[in-house]
1. Mind checking which residues of the range 20-55 are within 23 Å of T2 (Cα to Cα), within 11 Å of the ligand (Cβ to nearest atom) and charged (D, E, K, R)?
2. Just give me the residues in the range 11-49 being part of a strand (DSSP E or B) and either surrounded by fewer than 17 Cβ atoms within 10 Å (Cβ to Cβ) or touching a Ser or Thr at 6+ places or on another chain (Cβ under 6 Å) (or both), in sequence order.
3. Can you say whether D68 is among the acidic types (D, E) and part of a helix (DSSP H, G or I), as far as the supplied structure shows?
4. Looking at the range 56-67, can you tell me whether even one residue there is on the phi > 0 side of the Ramachandran plot and of a type in the set (D, E, K, R)?
5. Could you run through the range 56-74 and say how many residues are within 16 Å of the ligand (Cβ to nearest atom) and crowded, with 17+ Cβ neighbours inside 10 Å?
Amino acid sequence: MTIFEKFSLKDKVAIVTGGVGLIGAEFCKTLAEAGAAVAVVDLNASASQGIVDTLTKSGYNAVAVATDITKPDSVNAMVDKVISTFGR
Ligand SMILES: NC(=O)c1ccc[n+]([C@@H]2O[C@H](COP(=O)([O-])OP(=O)(O)OC[C@H]3O[C@@H](n4cnc5c(N)ncnc54)[C@H](O)[C@@H]3O)[C@@H](O)[C@H]2O)c1
């Protein structure tokens, strides 16, 4: 059994805030490899989309959501978008 089978995130949704950053981008990739659908959440919309493009080209399920996590309305809109995209 591989590490990804043991810690499978199949059918899970991961929201990665700061998803474009040094740490966030690696989290996005690893969570996707483990089977999660990933929301790449960041102030930087174009870079978020770039990470999503890379993930989807590799066959992973991901969406970019431009969000300012210091603003409750922005966070609520992001969660609505994640739920409407992935169904949960
Ligand atoms: N890189 C490290 O080795 C390290 C080690 C220990 C702790 N940390 C901490 O972990 C966190 C992330 O580190 P990093 O290296 O990935 O940082 P980073 O600067 O590379 O990335 C941070 C990301 O957060 C985004 N962001 C900033 N404000 C935001 C907001 N209001 N809403 C949404 N997105 C926002 C930025 O656009 C950026 O893409 C930081 O708080 C850092 O201090 C980092």
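1. Selection gives E26 alone.
2. Step one: list which residues in the range 11-49 are part of a strand (DSSP E or B), which gives 13-17, 37-42.
Within the range 11-49, V40, V41, D42 qualify.
3. Numbers: among the acidic types (D, E): yes; part of a helix (DSSP H, G or I): no.
Answer is no for this residue.
4. So in the range 56-67, the residues on the phi > 0 side of the Ramachandran plot come out as 59.
Still in the list and also of a type in the set (D, E, K, R): none.
Within the range 56-67 (the criterion being on the phi > 0 side of the Ramachandran plot and of a type in the set (D, E, K, R)), the answer is no, since none of the residues qualifies.
5. From the range 56-74, those within 16 Å of the ligand (Cβ to nearest atom) are 62-74; that's our starting set.
Adding the requirement that they be crowded, with 17+ Cβ neighbours inside 10 Å leaves 62-67.
Residues flagged as within 16 Å of the ligand (Cβ to nearest atom) and crowded, with 17+ Cβ neighbours inside 10 Å within the range 56-74 amount to 6.
Any read-out appearing in this document is the output of simple, stated calculations on the displayed coordinates, not a laboratory observation. Bear in mind the structure is a predicted one, so any value in this text is a computation, not a measurement. Every residue, glycine among them, receives a Cβ derived from its backbone with ideal geometry; neighbour counts consider all protein chains shown.
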